[in-house]
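Input: a single structure, listed below in structure tokens.
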Amino acid sequence: MNVQTPAEKLTLKDFSTDQEVRWCPGCGDYAILKCMQRTLPQMGVSRENTVFVSGIGCAARFPYYMETYGFHTIHGRAPAIATGVKLANPELDVWVVTGDGDALSIGGNHLMHALRRNVDLNILLFNNEIYGLTKGQYSPTSHPGTRSPSTPYGSVDSPLNPCRFALGSGARFVARTVDTAQKHMPEIFTRAHAHQGASFVEIFQNCIVYNDGVFSDFTDKPVAADAQLLAVHGEPLIFGKEKNKGLRLKPGTLALEVVTIGEEGVSVEDILVHDQTSETMAFILTKLSPPDFPMVLGVIYEDPASSYERDVYRQYESVRKERGTPDFNAFLAKGDTWRVS
Amino acid sequence: MQTDSETGKNLPTTGDVESVVIRFAGDSGDGIQLLGAQFTTSTALAGSGLSTFPDFPAEIRAPLGTTFGVSAYQIKFGARKIFTSGDQPDVLVALNPAALKVNVGLLLEGSLIVVDTGTFVERNFKKAHIEADPLEDGSLAKFQVLKIDISRLTMEAVKEFGLGNKDALRSKNLWALGLMLWMFDHDRAPIIEWLNRKFAKNENIRDANIAALNAGHAFGETSELSGDMRRYTVGAASLEPGLYRTVTGAQALSWGLAAAGQLAKTPLVFCSYPITPASPILHLLAQMKEFDIVTFQAEDEIAAVCAALGASYAGSIGVTSSSGPGIALKGEAMGLAISTELPLVIVNSQRGGPSTGLPTKTEQSDLYQAVYGRNGDAPMPVLATRSPGDCFFIAVEAVRLAIKYMTPVMILTDGYIGNAAEPWKLPDFNALDPIAVPHVAARPSGAEPFNPSVRDPETLARVWAKPGTKGLEHRIGGIEKSHETGHISYDPANHQKMTQVRRDKIAGIAKDIPPQEVDFGEESGRLAVIGWGSTYGPIARAVRIARSEGHDVSHIHLTYINPFPENLGELLSRFDRILVPEMNMGQLITVLRDHFLLQAISLCKVSGQPFKISEIIEAIHGQLSLQAAE
């Protein structure tokens, strides 16, 4: 539950600690951090009700730089620890900051269960498709053929698609953004925060040292407009420099195709309209990637339902109401007892 | 007349007996555990001292009639305090051939066997791999055997309720219970009341069960008239005055945790993953929401400990519970709790190991794991429970230490204690000491940044700053922290200092716990038997018997495994010899040697069964005669 009592007007500075930021110069994490420090005051949240929980990895240093409560935990376990925080105090705003190795490899199980339980957590997965802190091994999101110290001849295993993992786990809020997308990232954070239940945000984040440019096919300035599509609920799925490309259902199939408005009789009316409540559409949109399709960003899926800790407390309150104030001695003496005198 | 199985006497021909051991055995589907538990209730209400031992297979529904599907429940009861469930049964109730085959080896010559002859048919012999009918081949000649067709008599008793054969036979356990209630002169009324409650919604089953119970009882009465069967009276034990109930270790531990939360006026968040034999604690606490308890069945053991730690971080009392294999998985998170100095209670209901080991059998082989089982120098308090009722107080003490010293605390209990029942004098909750919870208060905005590394100079405990509190925003984690500021620090001297502080904090708890006392016997002498955990019963009884024989032997039993009480080394030095019985290959003895350079003697048993009193008496005799020879 995101009940906030904003008492004072806070700024980016109020959310920044005095700790020296220790990411590599040029790391995508800087931009994400700044965006968070800038966006939280805009949301009107209080520092004392905000908690950042992280696991292990480069991204996991995030809490040290946020002037809120922060818990830098152990590898892969942040969603489990954050679940405990919410069970103890559902009123707290809890953010989980994780990476592709932390969330999808060692911590895959916890992420899956936090999502399917729908714990009211805002989960930010910084996906750089590589292990940074351990010096460059391939990760569960690396493309096949990734050459790394542990795969000198190229990796051979299939990668996970984080958003599809989240959808498959039952996530009810799935969004995507890019570390450099300072324009729409604040909105994604704001919406993830406003969403009741688990919010899952994949952030494509460039690792300048071990995997530089891995997303350049859709993030480089010259190609970005033609290779990215920002999905907006209720609006046609249009993209491109000229805003004239769109996604359309191939007639007679469940597959999409890219079409150009104004060519071959295609008009805006033919373009698929984004429905963020459609899980099927979310599965289809998250499958797309360049070069044949744009990378779909924005809030891809949102279909809220009651959150786990809220239901836990609802049940808890109803039992407490029914049983009244307990008397411990009376409780112990329930059932068969006998007196020795 | 008296019977006392640890001294090897049998049930007398009739009359008053001082104590009796009954073992109920049958197929997993026969309702043996229920039969045992209800007999225990009736025994407790009769005022006898008692101790029980549910001994069931790991298989949920093993194939009918097989030896590995045999479930048993042993109870010893008597007109005094009873320390163990008994070495050898005086009475074996065997509801099928497999149950007889598996358990007959436990019996002494002259013991009484009650068999359900209705199950002694070729088909069941085959399932249990029995070649010849043991009722006919003379193999039971040295026992008294009561052959009763319990199956048929049960079917007849419940006939009027129109149940099918299978359902009718389900009441067999109640028929046998009725007979045993008659044999030991126990009241049927509380059992009938219980049946009324349990089957309130199914009158037919309820009435059939009551009819079977009454029929078994009536059978005893009739047979007595014809002289076929004898009846015994076991007197009431002289217990301390007060209100009593029976309690299992799992119950007492759960209630102790709940009591601790109430004493601390702080919510308890209990996070666990199902595992034998620890699950009953999760089940019990899930029903106790009115005591400010949230329970969480996590996706795995690691998530369970992590969620508990997250709850502690957020200001609740986080508790997790498991058995050996699950505790192994929790190791890293326990280290995080040690490093971040947050309260956490970890309950380990030990079972036979390593790996999956013997899930339903008992062992004390996780002492190393508890004391040493983490990476880095990671000291943690470890407490051990000695009996079912003791679990209540140990749970309260664990929570007290966890909060006062901002540390994880492990409770070592085991499958035997968890499932065993004993009479328990109810504690007065209002007389228990409250637990102080030092949550830091909010601070005005504009104050200096909050420092989470401030310590209590006496206990060395770090402050507990609860998220949601204004002005206390801070960051903690598993990376080494500066002793002064709490910020990340890789400074070599700081790590040295922090490691020492963590050590000193836990070692300092020795000043806060009661000095070690001698449980029974003198404060010095020729031999001390020192134990921990569930070996309490057999050691206590063995030392009492040995002393009554005139031997110079004392019993010392440890609750605090880490740190040890301050006076322990000095106390042990007052004895010529030290005997350490353990259900492992010698773990406590290693720790004792490590601390005190002791010349102690190990008595090890890892059969999945508790020590017999006779085994410990034998070792006492052995040590004392060796000493005499020296």
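Quick notes on this structure:
- Every condition in (1) touching a strand residue (DSSP E or B) at 6+ places or on another chain (Cβ under 8 Å); (2) acidic (Asp, Glu); (3) in a helix (DSSP H, G or I) is met by B:Glu224 except one, and the failing one is (1).
- Identity of the residue in the stretch B:403-421, assigned to a strand (DSSP E or B) and farther than 16 Å from B:Ser254 by Cβ, that ends up farthest from the other protein chains (Cβ to nearest Cβ): B:Leu412
- Residue that is nearest to the other protein chains (Cβ to nearest Cβ) [pool: residues in the stretch B:265-297 that are assigned to a loop (DSSP other than H, G, I, E, B) and aliphatic (A, V, I, L, M)]: B:Met288
- Of the criteria (1) in a loop (DSSP other than H, G, I, E, B); (2) closer than 13 Å to A:Ile56 by Cβ; (3) within 14 Å of another protein chain (Cβ to nearest Cβ), which one A:Gly132 fails: (3)
- Here B:Leu460 fulfils each of the conditions (1) of a type outside the set (Gly, Ala, Ser); (2) within 14 Å of another protein chain (Cβ to nearest Cβ); (3) in contact with a Gly (Cβ under 8 Å, 6 or more places away or on another chain) apart from (2).
- With a requirement of 2 or more residues that are modelled with pLDDT of 95 or more and over 24 Å from the mean Cα position of the chain (by Cα), the strands (runs of 3 or more DSSP E) lying completely within the stretch B:470-584 that satisfy it span B:475-477, B:525-532, B:575-582.
- Some residue of the stretch B:44-56 being modelled with pLDDT under 95 and either in contact with a Cys (Cβ under 8 Å, 6 or more places away or on another chain) or part of a helix (DSSP H, G or I) (or both): yes
- Unmet criterion (only one of (1) within 10 Å of another protein chain (Cβ to nearest Cβ); (2) more than 23 Å from B:Val21 (Cβ to Cβ); (3) within 22 Å of the chain's Cα centre (by Cα)) for B:Tyr244: (2)
- Of all positions in the stretch B:307-327, at least one carries a residue that is in contact (Cβ under 8 Å) with a residue 40 or more places away in the chain, closer than 30 Å to B:Arg503 by Cβ, part of a strand (DSSP E or B) and away from every other protein chain (no Cβ under 14 Å).
- So B:Arg462, is it surrounded by 20 or more Cβ atoms within 10 Å (Cβ to Cβ), within 22 Å of B:Val409 (Cα to Cα), in contact (Cβ under 8 Å) with a residue 12 or more places away in the chain and basic (Lys, Arg): yes
- Summed over the stretch B:349-377, the residues that are away from chain A (no Cβ under 13 Å), under 29 Å from B:Arg455 (Cα atoms) and either in contact with a Gly (Cβ under 7 Å, 6 or more places away or on another chain) or touching a residue at least 12 places away in the same chain (Cβ under 8 Å) (or both) give a count of 5.
- Condition check for A:Glu269: within 14 Å of another protein chain (Cβ to nearest Cβ), without any contact (Cβ under 8 Å) to a residue 40 or more places away in the chain, at negative phi and surrounded by fewer than 11 Cβ atoms within 10 Å (Cβ to Cβ): no
- For the stretch B:396-423, a tally of residues being out of contact with any Pro (no Cβ under 7 Å at 6 or more places or on another chain), buried (at least 24 other Cβ atoms within 10 Å of the Cβ) and either of a type in the set (Asp, Glu) or over 20 Å from B:Ala278 (Cβ atoms) (or both) returns 2.
- Sole exception among (1) away from chain B (no Cβ under 14 Å); (2) basic (Lys, Arg); (3) touching an Asp or Glu at 6+ places or on another chain (Cβ under 6 Å) for A:Arg320, by number: (1)
- Residues of the stretch A:295-316 classified as charged (D, E, K, R) and buried (at least 22 other Cβ atoms within 10 Å of the Cβ), total: 1
- Residue that is nearest to A:Thr277 (Cα to Cα) [pool: residues in the stretch A:296-312 that are in a helix (DSSP H, G or I) and more than 8 Å from every other protein chain (Cβ to nearest Cβ)]: A:Tyr308
- Criterion (within 13 Å of chain B (Cβ to nearest Cβ), in a helix (DSSP H, G or I) and within 29 Å of B:Phe270 (Cα to Cα)) met by exactly one of A:Gly84, A:Gly76: A:Gly84
- Qualifying residue in the stretch A:22-45 (condition: more than 8 Å from every other protein chain (Cβ to nearest Cβ), crowded, with 22+ Cβ neighbours inside 10 Å and in a loop (DSSP other than H, G, I, E, B)): yes
The values are calculated or read from the model by the stated rules, or taken from the named source; none is laboratory data. All values derive from a computational prediction rather than experimental measurement. Glycine gets a Cβ as well: all are built from the backbone with ideal geometry, and neighbour counts include every protein chain shown.
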